[in-house]
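S.K.: Structure incoming, see below.
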Number of protein chains: 4
Amino acid sequence: MIKSNLRNFPSAQKRREFLEQELDIKLDKISGFNFPEEQVLGRNIENLIGSTQLPLGVAGPLLIRPGGVKAHLRGVLRYIPLATTEGALVASVSRGCKAIAESGGAEVFVEEVGITRGPVFKVKNLKGGLETKKWIDDHFPDIAKITEQTSNHLTLKKIGCRLVGRNLFARFYYDCQEAMGMNMVTIATQQAIELIEKQTKAKCISVAGNFDIDKNSAWLNFISGRGKRVWAEVILPKSAVKEVLKTTPQKLAEIVYRKCLLGSIMSGSLGFNAHFANIVAAIFAATGQDLAHTVEGSLGITTAEVLDNGNLHFSVYLPSLVAGTIGGGTSLPTQQEALKLMKVNGVLEYAAVTSTAVLAGELSLLASEAEGSLAKAHQQLGRNQKLKVKSKEVF
Amino acid sequence: MIKSNLRNFPSAQKRREFLEQELDIKLDKISGFNFPEEQVLGRNIENLIGSTQLPLGVAGPLLIRPGGVKAHLRGVLRYIPLATTEGALVASVSRGCKAIAESGGAEVFVEEVGITRGPVFKVKNLKGGLETKKWIDDHFPDIAKITEQTSNHLTLKKIGCRLVGRNLFARFYYDCQEAMGMNMVTIATQQAIELIEKQTKAKCISVAGNFDIDKNSAWLNFISGRGKRVWAEVILPKSAVKEVLKTTPQKLAEIVYRKCLLGSIMSGSLGFNAHFANIVAAIFAATGQDLAHTVEGSLGITTAEVLDNGNLHFSVYLPSLVAGTIGGGTSLPTQQEALKLMKVNGVLEYAAVTSTAVLAGELSLLASEAEGSLAKAHQQLGRNQKLKVKSKEVF
Amino acid sequence: MIKSNLRNFPSAQKRREFLEQELDIKLDKISGFNFPEEQVLGRNIENLIGSTQLPLGVAGPLLIRPGGVKAHLRGVLRYIPLATTEGALVASVSRGCKAIAESGGAEVFVEEVGITRGPVFKVKNLKGGLETKKWIDDHFPDIAKITEQTSNHLTLKKIGCRLVGRNLFARFYYDCQEAMGMNMVTIATQQAIELIEKQTKAKCISVAGNFDIDKNSAWLNFISGRGKRVWAEVILPKSAVKEVLKTTPQKLAEIVYRKCLLGSIMSGSLGFNAHFANIVAAIFAATGQDLAHTVEGSLGITTAEVLDNGNLHFSVYLPSLVAGTIGGGTSLPTQQEALKLMKVNGVLEYAAVTSTAVLAGELSLLASEAEGSLAKAHQQLGRNQKLKVKSKEVF
Amino acid sequence: MIKSNLRNFPSAQKRREFLEQELDIKLDKISGFNFPEEQVLGRNIENLIGSTQLPLGVAGPLLIRPGGVKAHLRGVLRYIPLATTEGALVASVSRGCKAIAESGGAEVFVEEVGITRGPVFKVKNLKGGLETKKWIDDHFPDIAKITEQTSNHLTLKKIGCRLVGRNLFARFYYDCQEAMGMNMVTIATQQAIELIEKQTKAKCISVAGNFDIDKNSAWLNFISGRGKRVWAEVILPKSAVKEVLKTTPQKLAEIVYRKCLLGSIMSGSLGFNAHFANIVAAIFAATGQDLAHTVEGSLGITTAEVLDNGNLHFSVYLPSLVAGTIGGGTSLPTQQEALKLMKVNGVLEYAAVTSTAVLAGELSLLASEAEGSLAKAHQQLGRNQKLKVKSKEVF
């Protein structure tokens, strides 16, 4: 029935030509791309026909003060690349950066939790499951050894098991250095599985048993963490809140309380924030991350408290930021340039800067909403879209 | 302290030049883009410096049978544009498409739930909250009228209120025709808020009170829906499962049960699926959607049941797919071409094709995992990355 | 293998005698009960051997001001029967009642949401599911009629359907007047099911498909409500907080923020409160409710806000309080007396008084915790338990 | 305003007399109780006026095979005391026990997770929070020592910390031997808090910061466990399913899949079971447990799988069963007799028998629902209630 197989075409150009003819369309714009076809094929994509171009903007500079991360991160101004098609986002993050800078900078702390892979094993019965669990607990060094033979850049940190009925779930946590690591840990865990299957009566049903849990929102990732767990905070003087954000510490604290806490509670949410996902998605797109990890990046909490001196303590908590600075799409040309623009030295710094950008984005959007100016901003954008004229930016 | 303001530079080129000098980097690749600078500025982005290029592949063709959507969708073969940097994704969706085609096609149903905006009002006390709620309930036509005056392309469908303490949350559902609509509904809801504030004693704290709930994972979106609610299914003959997916109906049903149901339950997840987010993110990136809506798109359930005749009933359910075919990034050149490549006539068809692509992606990945070939595929990819040679595709 | 069948013994006494001999134990205390054996057998219990005696205390009086419930509830002092074995609970609720009374009384609002029964139907495919859903939507009057023929005390309010794969879930909401109604709605829904099965191709798998969802914690009950949805609030002058609760409005607001909101968020909870379940369980036990509905009663939110004048706004929200004043265990002798002691005229008043008692219990425990006196109270209780002496009460 | 203070009356009798006169009611039945007034006052209750009598039935015998618990539990028949007012519950659990016995018995495994107390500390900023966390991690032996000085029956097992904004949450896990232990661990944790406050700059806001999380449904308890984590299973031959449960393995597996898994998923539930709470509440009431811990006991999963030989693997998983066999209400006369009737040697056995009773209850109710006989049973009960005649039992 279906004769055409896009894989059989020798090049992106031939595939495009086929599709243009078959569908009577033009793919002129898609045809332009500046990465080598042979670099991406079989590594980043299949059935390549060209590229999608996302507008790339830069927010910042962002000032980060001494925190938990490496010393050289301290006090350096950072720029934040954001690939997005949603107007106002870059301007909004920039405004947040300005408020942070005028407050003396943000502090940020990153914990390497580890990237996880969570196979599910079928066992004969509860006894069989508990025996397999015990074998895993007793043989951690053996399992670690066999997994670590698959790569020089991977360390098995721990394994957490849970049993229900005839199902044993095992959550493997790995340190993959600068890589996001999902591919690496799949390969490593496969070795562990083969060992476990050989030594016990358990039979693996899937190397990925959703106890990872990858690219889904889940309390397990919120509670136990996944990838990096990051905290960022800033103490904003009243003046910075007033002059840059055009609102007051009281109003920011109130909107966080009523919206991010109570509103999210009333919605049964795992995100207690304004729009973590916006900033995470835009930085991830710009820097070659797996876009689906935006899901984990949306988890977390924004807090705001007015201090006794009237200043504002403002923070974000991201329990599950999954990213890398090598591998995946990070080596593609535009993505590589964006990473260099961030000036990050490794993935912990990457997580730190990303989360502080999230802090900036939360500050600015919440301030807009607190002042009722969000609708006005959108109205401005809407007018721009109709009139097709360039406007002054909206924040 | 910070003197440079990226907004003050007159063009993307000038901004790049500043950053290149300031940071001692090169932004050669980013500099290339084929959308008009004046088209995107103030509408899609601020502080533009260029573009991010994502590799674009095509999966398919995908065969959709008569279902709940418009008649002309039926029986037409569709191609699926996927912008991604994650190897194997396009091949995997393609394989799923093949299995669907060999099974006579998938059936898909789309329900327009409506895009939501959920302001939070501060009220004096419970009585004040209930009175405001009653006023809203009693004056729905007035509220609808005032919101609908903000756009010819917007209809207010319903409002759901919830009260807790001194907080009244109102969830406005709108039909925005072909647009995703978040900007439109912010403007419309702002009008409703002004009316409500005038007629009652409630005071709006935020036009977006996280009762929307936008770009966060939440049970409210899962249960009540947001954007489009979509179901897709396929009945796979044993032969198609065997020949295309290299596994059996029994194994697919088992992995869905142990991984997507039990594994997700054990993780406290709102996603009971393998990787909805992968396919949603890649199509969204290719077609100019808001990438952060990948979060809502990750919600949902995959089911698999072996029928009495040995065939496999396989389905996906996406309660909260948020997208549009006009507005946002959809009019950018490469995104516009990708939309045309999909041959969709409006957003309901777009949701239908996207969700059926999700169905294909679930089928193929779960089949790989059921056969233990996922690790092998990743190994192949890993080797490709090391050797930097083009490989034959992995599925 | 097992010869003894407790059902075959003619009386509680004979069963006790058998067990005493078989197990070499004494059941002297259990043997005492003051309800007629023939009243409870086959209605409240099987295999009766006697009774469990729970200590019954009384908290109050509780002052309720004009609110949403019937006029005669207003301004009347209420006493609250609490059957419990947990020391300090009655004293704590009493202290809360005192604080409420000194603040001029609490205000309470009750909404009849309806008791639910949620069957699951197996359907052939998505199309079959949507057709069945449409039939149900189109024939609501017919379904209502057939269900209402099963009882004069039951009204079908609405039905909400959800489809996933080959499963159609339908949530029936009923008004059962003064009864909790689970048995009634099971019978009524069974009639509806038979009609639906006859008119469509759907086949019911269970009259109770966990879309009710009964005696389990679930966001559906939190969001959509179940049984009664209740709000109660009190405005406490600083003086009442200080003199009765020995703390300050600021401290109470702070503990609610850090514990009930942030602490519950960090725990992935559906309860954003201190101990709703304690008060609900104790009143339910005293008044013949189904104890397992304590689960639904534990859901909800406590809020606290310091007002501009320094007073404290304090409230509770219970979205899912499931109870009745006739049927079940309510007609048993001690339970009936406890209901009369509450002086409630029907189930809405019962829900109102119960929830206001929850308000009192929250106030007092949170005040104790805010002042660090909880441990001291427990220490006192512990000493009492060791020394077996009567102490002065701890709050 | 309120002159009467129930605490000032010298006895239950005087309080009753006051209430009878004040409210013009009779409390004749409540007046009867067979526990010493001085035993319960100040330990189990305040403002005592008498007792609530719950009908007590016995289910069983229940056959438990060799499992993870102590050897002497193996192969012994157990009787299960159930205090309830809900007709059919005892009969239903009994029927489940019969099915288990005819299948050769159930297997049960208990893990002592530990009872938790989770204070919340206010810290100056993120750095302060991480420093306090580090101090706690580094001084676990000191903290353990000081907590264990408060009781000879308590061991501190571990502490898990989480930070968000200016809030540090610490979850203390204790082994309290045979006691449920909430009072003990409050006292012990208070000592730890005083040490931490002295050695760090953190300030405790509440000894119970809802990171325990006590008497609320929460994913933290589901994932990390609380009290005891218990698994029970039985392999039912087709014959036992048919003869005792009047259904088939296939139907039981199907109802568990469609109701307990999919139905609970569609409801956003933390309980993936039919009615854990019913059995837990009834045993807890009979044996002097804290009734509010029914909430934690409602969490968990029921699984059912048809084996290759046609038999049924059926299991329950309770991640968070909170109970004790000394302390609280366990020493009251009727409660003490019920505990002796269970013949349990310590709390692990208590948890084992309770969970196996839950297994029995799940089996029987699900079988009834699978056969459509639940409504008939309720109809029978309803008739009984109207006619006030003793019926033959319904299962």
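The values are calculated or read from the model by the stated rules, or taken from the named source; none is laboratory data. Please read all numbers here as calculations on a predicted model, not as lab measurements. All Cβ positions, even for glycine, are placed from backbone atoms using ideal geometry, and neighbour counts span all protein chains on display. Ligands, DNA and RNA are stripped out before the accessible areas are found, and what is left, the full protein with its side chains, is counted by its heavy atoms. Shrake-Rupley method; radii C 1.70, N 1.55, O 1.52, S 1.80 Å.
S.K.: Can you list the residues, at least 5 places off or on another chain, whose amide H is less than 5 Å from the amide H of A:ALA59, using H built in the peptide plane?
M.R.: Under 5 Å from the amide H of A:ALA59: A:ILE80, A:LEU82.
S.K.: Shielding of A:28-40 by partners, i.e. mean partner chain Cβ atoms within 10 Å per residue?
M.R.: Average neighbour count from other chains, rounded to a whole number: 6.
S.K.: Please report, as a whole percent, how much of the solvent-accessible surface of chain A comes from carbon and sulfur atoms (probe radius 1.4 Å).
M.R.: Within chain A, the accessible surface is 49 percent carbon and sulfur.
S.K.: Over the alpha carbons of region A:249-293, what is the largest minus smallest coordinate on each principal axis, giving the biggest first in Å?
M.R.: Here the Cα extents, ordered largest to smallest, are 37, 26, 7 Å.
S.K.: Any idea what the dipole of region C:9-53 comes to, in debye rounded to 20, about its Cα centre with Lys/Arg Cβ at +1 and Asp/Glu Cβ at -1?
M.R.: 120
S.K.: Pop out the ³J(HN,Hα) list for region A:100-114 in order, Karplus 6.51 cos²θ - 1.76 cosθ + 1.60 with θ = phi - 60°, rounded to Hz; leave Gly and Pro as x.
M.R.: 5, 4, 6, 9, x, x, 9, 10, 9, 10, 10, 10, 7, 7, x
S.K.: A further question follows. Order of D:364-373, D:36-45, C:80-89 by packing, highest average Cβ count within 10 Å first?
M.R.: Per-residue mean Cβ counts within 10 Å order the peptides as C:80-89, D:364-373, D:36-45.
S.K.: Can you find, among A:TRP219, A:GLY160, A:VAL207, the residue farthest towards the positive end of the dipole of region A:116-232? Put +1 on the C-beta of Lys and Arg, -1 on that of Asp and Glu.
M.R.: Going by the charge dipole, the pick is A:TRP219.
S.K.: Could you work out the mean count of beta carbons from other protein chains within 10 Å of each residue's beta carbon in D:338-344?
M.R.: Per-residue shielding by partner chains comes out at 4.
S.K.: Can you give me the C-alpha center-to-center distance between region A:39-56 and region D:329-372, rounded to a whole angstrom?
M.R.: Taking the Cα centre of region D:329-372 as reference, the centre of region A:39-56 is 60 Å away.
S.K.: Once you treat every alpha carbon in region C:202-257 as an equal point and sum by Debye, what is log10 I(q)/I(0) at q = 0.19, 0.31 Å⁻¹?
M.R.: Debye intensities relative to I(0), on a log10 scale: -0.80, -1.22.
S.K.: Still on this structure, I have one more. What is the percent of Cα-Cα separations in region A:23-147 that go past 21 Å?
M.R.: I get 70 percent for the Cα pairs in region A:23-147 exceeding 21 Å.
S.K.: When the Debye formula is applied to the Cα atoms of chain D, each taken as the same point scatterer, what base-10 log of I(q)/I(0) results at q = 0.11, 0.12, 0.14, 0.15 Å⁻¹?
M.R.: Results for chain D at q = 0.11, 0.12, 0.14, 0.15 Å⁻¹ read -0.90, -1.01, -1.20, -1.28.
S.K.: Please work out the C-alpha center-to-center distance from region C:12-33 to region A:272-304 and express it in whole Å.
M.R.: 64
S.K.: Also, I was wondering about something else. Between the alpha-carbon centers of region B:82-132 and region D:245-259, tell me the distance in whole angstrom.
M.R.: About 32 Å separates the Cα centre of region B:82-132 from the one of region D:245-259.
S.K.: Also: Going by accessible area, probe 1.4 Å, with all protein chains left in place, what is the ranking of C:HIS139, B:HIS153, largest first?
M.R.: B:HIS153, C:HIS139
S.K.: Right, next: Search the structure for amide H atoms under 5 Å from the amide H of B:ALA88, placed 1.01 Å from N in the peptide plane, and list their residues when 5 or more places away or on another chain.
M.R.: The answer is A:ILE45, A:GLU46.
S.K.: Would you please state the base-10 log of I(q)/I(0) at q = 0.25, 0.30 1/Å for region D:267-324, with intensities from the Debye formula using one equal scatterer on every alpha carbon?
M.R.: With no solvent term, the Cα-only Debye profile gives -0.95, -1.17.
S.K.: Another question, if that's okay. For the protein assembly as shown, what is Rg from Cα atoms divided by 2.2 N^0.38 Å, rounded to two decimals?
M.R.: 0.87
S.K.: Could I ask something else about it? When the Karplus curve 6.51 cos²θ - 1.76 cosθ + 1.60 is applied with θ = phi - 60°, which whole-Hz ³J(HN,Hα) does each residue of region A:357-367 get, with x for Gly and Pro?
M.R.: Computed from phi, the couplings for region A:357-367 are 5, 4, 4, 4, x, 5, 3, 6, 5, 5, 5 Hz.
S.K.: Now for a separate question. If you count only protein heavy atoms with a 1.4 Å probe, what accessible area per residue comes out for the protein assembly as shown, rounded to a whole Å²?
M.R.: 30
S.K.: Take every Cα-Cα distance within region C:246-361, group them into 10 Å bins from 0 onward, and report for each bin the whole-number percent of pairs it holds.
M.R.: Final binned percentages: 14, 40, 27, 16, 3.
S.K.: Residue-wise, which Karplus ³J(HN,Hα) couplings in Hz belong to region A:164-181, taking 6.51 cos²θ - 1.76 cosθ + 1.60, θ = phi - 60°, and x for glycine or proline?
M.R.: Residue by residue, region A:164-181 yields 8, x, 9, 10, 10, 9, 10, 9, 8, 10, 10, 9, 10, 6, 7, 8, 4, x Hz.
S.K.: For region D:157-213, what D do you get in µm² per second when you plug the Kirkwood radius from alpha-carbon pairs into Stokes-Einstein at 4 °C and 1.567 mPa s?
M.R.: Approximately 107 µm²/s, per Stokes-Einstein.
S.K.: Counting only other chains, and only Cβ atoms inside 10 Å, what mean value do you get across the residues of A:164-176?
M.R.: 4
S.K.: Right, another one. What are the residues whose amide H is under 5 Å from the amide H of C:ILE64, where those residues sit 5 or more places off or on another chain and H is modelled from the backbone?
M.R.: Amide H neighbours of C:ILE64, under 5 Å, 5+ apart: C:GLY75, C:VAL76, C:ARG78, C:ALA106.
S.K.: Percent relative contact order of chain A, based on C-alpha pairs within less than 8 angstrom and at least six residues apart?
M.R.: So the answer I get is 20 percent.
S.K.: Determine how many Å³ per residue the convex hull of the Cα atoms of region D:213-291 encloses.
M.R.: 127
S.K.: Now for a separate question. Stick to the Cα atoms of region C:88-199, pair each with every other, and give me the Kirkwood hydrodynamic radius in Å at one decimal.
M.R.: Value: 16.3 Å, from the Cα pair sum.
S.K.: Along each of the three principal axes of the Cα atoms of region A:181-313, give the extent in whole Å, ordering the values from largest to smallest.
M.R.: 65, 32, 24
S.K.: While we're on this one: Could you please point out the chain A residue with its Cβ nearest to the axis of the rotation taking chain A onto chain C, and the distance in whole angstrom?
M.R.: A:LEU261, 3
S.K.: When N counts the residues of region A:9-53, how does its alpha-carbon radius of gyration compare numerically with 2.2 N^0.38 Å, as a ratio?
M.R.: Compared with the compact-globule rule of thumb, region A:9-53 sits at 1.11.
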